[in-house]
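Just below is one structure, and these are the notes that go with it.
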Amino acid sequence: MTKWHNHGFKDQAVQKAFNRNGKSVKAIALELNIGYSTLQKWIREYKLVTADKDNQQPQDWSRQQQFQALIDTASMDAEQCSQYCRKKGIFPHHLDEWRDNFILSDKQSTKSNQSDISKLKKENAALQKELRRKEKALAETAALLVLQKKFQALLEEKEE
């Protein structure tokens, strides 16, 4: 039968396993009245969730983390920057690469924005041209209808 434990109990069990003071994980599982494999699974899950993000490989850093590192080191001198990099597990050249990538992506987005703008301008011009053509056709149709009604009115007058 499966027991459902709340997150608080799981967290306390995992913390107890980490601070076991010489006890085995099996002994702690028996003490808490849970299965040994269950406690091991909870420990694995805890390690996955709380993996230290500062120890990630530089290529695994998200854009937000890269940007935050660039902001953090912007006002630092070379020595402070090196200390920061050692603490985070990166090298100063990673910061330079990330800065260049942000600048390059900004330039590329500007170019793509300009091409998008020119494309939209062309599309707008084509739509305006089509609208003028349709307005002329509509005006011509309206004029023909008016003439047709006048012609019918003249014919009716002659018949009377």
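Pairs of lysine in the stretch 98-138 with Cα under 27 Å and at least 8 positions apart or on different chains: total? Value for the stretch 98-138: 14. Residue-wise HN-Hα couplings along the stretch 61-70, as the Karplus relation 6.51 cos²θ - 1.76 cosθ + 1.60 with θ = phi - 60° gives them from phi, are 5, 6, 4, 5, 5, 4, 5, 5, 5, 5 Hz; Gly and Pro carry x. The dipole here belongs to the stretch 95-147: it is taken about the Cα centre, uses +1 on the Cβ of Lys and Arg and -1 on the Cβ of Asp and Glu, and is about 420 debye. Taking each DSSP H run with n ≥ 4 as -39500 (n - 2.57) and averaging over every residue of the chain yields -27000 deg cm²/dmol at 222 nm.
In the stretch 60-160, Rg over Rh equals 1.70, where Rg is the alpha-carbon radius of gyration and Rh the Kirkwood radius from pairwise Cα distances. Calculate, for Lys111 and Arg63, the FRET efficiency according to 1/(1 + (r/R0)^6) with r their C-beta to C-beta distance and R0 22 Å; round to the nearest 0.05. That pair, Lys111 with Arg63, gives E of 0.65.
Bear in mind that the values in this text are calculations on the coordinates, not laboratory data. These numbers were taken from a predicted model, which means no experiment stands behind them. No Cβ is skipped: glycine too gets one built from the backbone with ideal geometry, and neighbour counts run over all protein chains shown.
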